[in-house]
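This report concerns only the one structure given below.
The values are calculated or read from the model by the stated rules, or taken from the named source; none is laboratory data. Predicted, not measured: the structure shown is a model, and the values here were computed from it. In this analysis, Cβ positions are derived from the backbone assuming ideal geometry, glycine residues included, and neighbour counts consider all displayed protein chains.
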Amino acid sequence: MFTYGYLREAIMARLDIDEEEAEAMHLLERFHIYCNEAMQAICGSKPQYKYVDVTVVDKYAPLVWDGAFLRLATEAEIKGEVAATFATEEQARDWYHEHNTYLKDEVMYMDDKFLSFADKEAYIEEKRKPTIPQILEADTFGKELKEVIVKRVAKSDEDFSYVGKNGLVFHKEGRFYIPARFLWFRFDSGIADEQEIDMPADILLTIPMYVGSICFQIDNPQRAQMMRNEFEIALSRCVNMDFTTLKKIPKSW
């Protein structure tokens, strides 16, 4: 996997300068800003498509402190048979949100890599109660009733709703998969050279061309435009696989 150190060196190779020159021109401290701008330009046409995976429950199970960590309370702790320090309502909410678990009708907002929701099929996995024939069969033959989980298409405004540009609210219990578009990576100030960058190689290798075009705008607009053209050509050759399912058009008759 490529690292930020490789990306930084590739940018300086495009600029044809060494690290000392980049430092003197105050470019190194700006590279992460330019890389994020490159991400925005790239993800306008080649975003990362993935499902927002959220579990929705009717209420949160109690949590207790186990040293410096939270865990689910045991039945004995809930009944008061064993001494335990329970998490507050705010602590429990934050813990469940970190584990992508939300309450029904609670608003969930996307993280800072989110771009937009995708107009593709959303899904829900929900528990189904056993049917009467299944119950009778289990009683007759002494079988154990197994929990049935069914996956189906989730309906907007019925199973869940979009809130503004980056929020979701869920109206039923279950596990939801909502398709969305994201940035491949976010570059932060002080990023280490050893930091691995998780994105396709063809997309990552277009970033130095974009950053080079931005840097050349300072004193060489003609070369900046040439490098921007190289960036556009390289980006057009990138392959971005989207495995999310297209929406089905309902029959009108």
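Considering the range 121-162, and only residues there that are of a type in the set (Asp, Glu) and within 27 Å of Phe243 (Cβ to Cβ), the residue that is surrounded by the most Cβ atoms within 10 Å (Cβ to Cβ) turns out to be Asp159.
Any residue at all in the range 225-232 that is among the hydrophobic types (A, V, I, L, M, F, W, C) and surrounded by 20 or more Cβ atoms within 10 Å (Cβ to Cβ)? Steps first, please.
Residues of the range 225-232 that are among the hydrophobic types (A, V, I, L, M, F, W, C), as a first pass: 226-227, 231.
Imposing the further condition that a residue be surrounded by 20 or more Cβ atoms within 10 Å (Cβ to Cβ) reduces the set to 227, 231.
There is at least one residue in the range 225-232 that is among the hydrophobic types (A, V, I, L, M, F, W, C) and surrounded by 20 or more Cβ atoms within 10 Å (Cβ to Cβ).
Given (1) out of contact with any Pro (no Cβ under 6 Å at 6 or more places or on another chain); (2) surrounded by 11 or more Cβ atoms within 10 Å (Cβ to Cβ); (3) outside the structural domain of Gln40 (by TED's automatic domain parsing), where does Thr244 come up short, assuming only one miss? Thr244 satisfies all of (1) out of contact with any Pro (no Cβ under 6 Å at 6 or more places or on another chain); (2) surrounded by 11 or more Cβ atoms within 10 Å (Cβ to Cβ); (3) outside the structural domain of Gln40 (by TED's automatic domain parsing) except (1).
Rundown of residues vs (1) surrounded by 21 or more Cβ atoms within 10 Å (Cβ to Cβ); (2) out of contact with any helix residue (DSSP H, G or I) (no Cβ under 7 Å at 6 or more places or on another chain); (3) more than 18 Å from Phe31 (Cβ to Cβ); (4) not basic (Lys, Arg), yes/no style:
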position: Asp188; (1), (2), (3), (4): no, no, no, yes
position: Asp202; (1), (2), (3), (4): no, yes, yes, yes
position: Pro208; (1), (2), (3), (4): yes, no, no, yes
position: Arg223; (1), (2), (3), (4): no, no, yes, no
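Within the range 79-108, the set of residues being hydrophobic (A, V, I, L, M, F, W, C) and closer than 15 Å to Lys59 by Cα comprises Ala87, Ala92, Trp95, Leu103, Val107. Going by what's in this entry, would Lys165 be described as surrounded by 10 or more Cβ atoms within 10 Å (Cβ to Cβ), part of a loop (DSSP other than H, G, I, E, B) and either touching a residue at least 24 places away in the same chain (Cβ under 8 Å) or not charged (D, E, K, R) (or both)? Yes: the conditions hold for Lys165.
So which residues in the range 173-208 are more than 21 Å from Thr245 (Cβ to Cβ) and small (Gly, Ala, Ser), if there are any at all? Matches in the range 173-208: Ser189, Gly190, Ala192, Ala201. Can you tell which of Leu15, Leu70 is in contact with a Cys (Cβ under 8 Å, 6 or more places away or on another chain), in contact (Cβ under 8 Å) with a residue 12 or more places away in the chain and farther than 30 Å from Thr244 by Cβ? One residue alone meets the criteria, Leu15. The sole residue among Tyr34, Tyr4, Tyr51 that is of a type in the set (Ser, Thr, Tyr) and in contact with a strand residue (DSSP E or B) (Cβ under 7 Å, 6 or more places away or on another chain) is Tyr51.
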